[in-house]
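Trainee: Just passing along the structure, written as structure tokens.
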Amino acid sequence: MTNRMILTLDTGAVVIETRPDKAPGHVARIKELADAGFYDGLSLHRVIDGFMAQMGCPRGDGTGGSGKKLGAEFNDVSHQRGVCSMARANDPNSGDSQFFICFDDAAFLDGKYTVWGEVVEGMENVDKAERGEPPRKPTKIVSFRSAA
């Protein structure tokens, strides 16, 4: 069984190496949602240049989720370019389906958000995402699945 997932955006494919050694509950839930097709067709609803691209909200505005909250699994992986981490509300145990991919150094998030993976191929396709909160013409997720 591979620890890789393929996030296909309408800008191209992004290969993510998951970190079940650091966030086993989050990795399991993201794989479960992805393989069920939950993310397919969703938009990148919050894309901030030099910071991150956020996705995984079924409402497209940052207020929705799958309905299952995850307990925080904060770890020692630093938020650097390509790192995948869970979005959450003020409650540290409020992560659900939304996550973000860092464009640049965001170490100020370390220890406050759960890192669950890292982009190992295709970061240039995340870089192509339309910017905005929300973007006028949001980049879409075509599919998100565990790699075979």
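Since every read-out is calculated from the coordinates, none of them should be taken as a lab result. Computed from a predicted structure; not experimentally measured. Cβ sites come from the backbone with ideal geometry, for glycine too, and all protein chains shown count toward neighbours.
Trainee: Looking only at the range 61-99, how many residues end up being over 24 Å from Ala129 (Cβ atoms) and either of a type in the set (Val, Ile, Thr) or not in a loop (DSSP other than H, G, I, E, B) (or both)?
Mentor: 1
Trainee: Oh, and also: Between Gly82, Gly71, Gly111, Gly25, which is of a type outside the set (A, V, I, L, M), touching a Cys at 6+ places or on another chain (Cβ under 9 Å) and more than 17 Å from Ser143 (Cα to Cα)? Outline the logic, then answer.
Mentor: Working: Gly71 fails: touching a Cys at 6+ places or on another chain (Cβ under 9 Å); Gly111 fails: touching a Cys at 6+ places or on another chain (Cβ under 9 Å); Gly25 fails: touching a Cys at 6+ places or on another chain (Cβ under 9 Å).
Criteria check complete, one pass: Gly82.
Trainee: Moving on to the next point. Considering each residue of the range 85-115, count those that are over 20 Å from Leu42 (Cα atoms) and in contact with a helix residue (DSSP H, G or I) (Cβ under 6 Å, 6 or more places away or on another chain), and give that number.
Mentor: The qualifying residues number 1.
Trainee: Can you give me the number of residues within the range 89-110 that are surrounded by 13 or more Cβ atoms within 10 Å (Cβ to Cβ), of a type in the set (Asp, Glu) and under 23 Å from Lys68 (Cα atoms)?
Mentor: Within the range 89-110, residues that are surrounded by 13 or more Cβ atoms within 10 Å (Cβ to Cβ), of a type in the set (Asp, Glu) and under 23 Å from Lys68 (Cα atoms) number 1.
Trainee: Quickly run through the range 1-27 and pick out the residues that are over 19 Å from Gln54 (Cα atoms) and surrounded by fewer than 14 Cβ atoms within 10 Å (Cβ to Cβ).
Mentor: Step one: filter the range 1-27 for residues over 19 Å from Gln54 (Cα atoms), giving 1-4, 20-22, 24-25.
Across the range 1-27, the qualifying residues are Met1, Thr2, Asp21, Pro24.
Trainee: In the range 111-122, which residues are aliphatic (A, V, I, L, M) and either crowded, with 17+ Cβ neighbours inside 10 Å or in contact with a Phe, Trp or Tyr (Cβ under 7 Å, 6 or more places away or on another chain) (or both)? So that I can check it myself, show each step before the final result.
Mentor: Going through the range 111-122, the residues aliphatic (A, V, I, L, M) turn out to be 115, 119-120.
Once the filter is applied, which keeps residues that are aliphatic (A, V, I, L, M) and either crowded, with 17+ Cβ neighbours inside 10 Å or in contact with a Phe, Trp or Tyr (Cβ under 7 Å, 6 or more places away or on another chain) (or both), the range 111-122 yields Val115, Val119.
Trainee: So is Leu33 more than 16 Å from Cys102 (Cα to Cα) and hydrophobic (A, V, I, L, M, F, W, C) or not? Don't jump to the end; show me each part of the working.
Mentor: Values: more than 16 Å from Cys102 (Cα to Cα): yes; hydrophobic (A, V, I, L, M, F, W, C): yes.
Answer is yes for this residue.
Trainee: Take the range 69-118 and flag every residue that is closer than 25 Å to Arg59 by Cα and β-branched (Val, Ile, Thr).
Mentor: Matches in the range 69-118: Val83, Ile101, Thr114, Val115.
Trainee: For the range 116-128, state whether one or more residues are more than 23 Å from Ser146 (Cα to Cα), among the acidic types (Asp, Glu) and without any contact (Cβ under 8 Å) to a residue 60 or more places away in the chain. Full working, then the answer.
Mentor: In the first step, residues of the range 116-128 are kept if they are more than 23 Å from Ser146 (Cα to Cα); the result is none.
The answer is no; no qualifying residue exists.
Trainee: Let me ask you something else. In the range 49-62, what residues are of a type in the set (A, V, I, L, M, F, W, C) and either within 17 Å of Asn125 (Cβ to Cβ) or surrounded by fewer than 14 Cβ atoms within 10 Å (Cβ to Cβ) (or both)?
Mentor: So in the range 49-62, the residues of a type in the set (A, V, I, L, M, F, W, C) come out as 51-53, 55, 57.
Those that are of a type in the set (A, V, I, L, M, F, W, C) and either within 17 Å of Asn125 (Cβ to Cβ) or surrounded by fewer than 14 Cβ atoms within 10 Å (Cβ to Cβ) (or both): Met52, Ala53, Met55.
Trainee: Count, please, the residues in the range 1-20 that happen to be in a strand (DSSP E or B), farther than 23 Å from Lys137 by Cβ and not polar (S, T, N, Q).
Mentor: Filtering the range 1-20 down to residues in a strand (DSSP E or B) leaves 4-9, 12-18.
In the following step, the residues that additionally are farther than 23 Å from Lys137 by Cβ were identified as 4-6, 15-18.
Those still in the list that are not polar (S, T, N, Q) too: 4-6, 15-17.
Within the range 1-20, residues that are in a strand (DSSP E or B), farther than 23 Å from Lys137 by Cβ and not polar (S, T, N, Q) number 6.
Trainee: Hey, Pro58 hits all of (1) in contact (Cβ under 8 Å) with a residue 40 or more places away in the chain; (2) of a type outside the set (Asp, Glu); (3) in a loop (DSSP other than H, G, I, E, B) but one; which does it fall short on?
Mentor: Condition not satisfied by Pro58: (1).
Trainee: Which one is farthest from Asn90 (Cα to Cα), of the residues in the range 100-127 that are among the hydrophobic types (A, V, I, L, M, F, W, C) and part of a strand (DSSP E or B)? Can you show your working first?
Mentor: Step one: filter the range 100-127 for residues among the hydrophobic types (A, V, I, L, M, F, W, C), giving 100-103, 106-109, 115-116, 119-120, 123, 126.
Then drop every residue that is not part of a strand (DSSP E or B), which leaves 100-102, 115-116, 119-120.
Working: Phe100: 16, Ile101: 19, Cys102: 19, Val115: 17, Trp116: 19, Val119: 26, Val120: 30 Å.
Restricting to residues being among the hydrophobic types (A, V, I, L, M, F, W, C) and part of a strand (DSSP E or B), the top hit is Val120.
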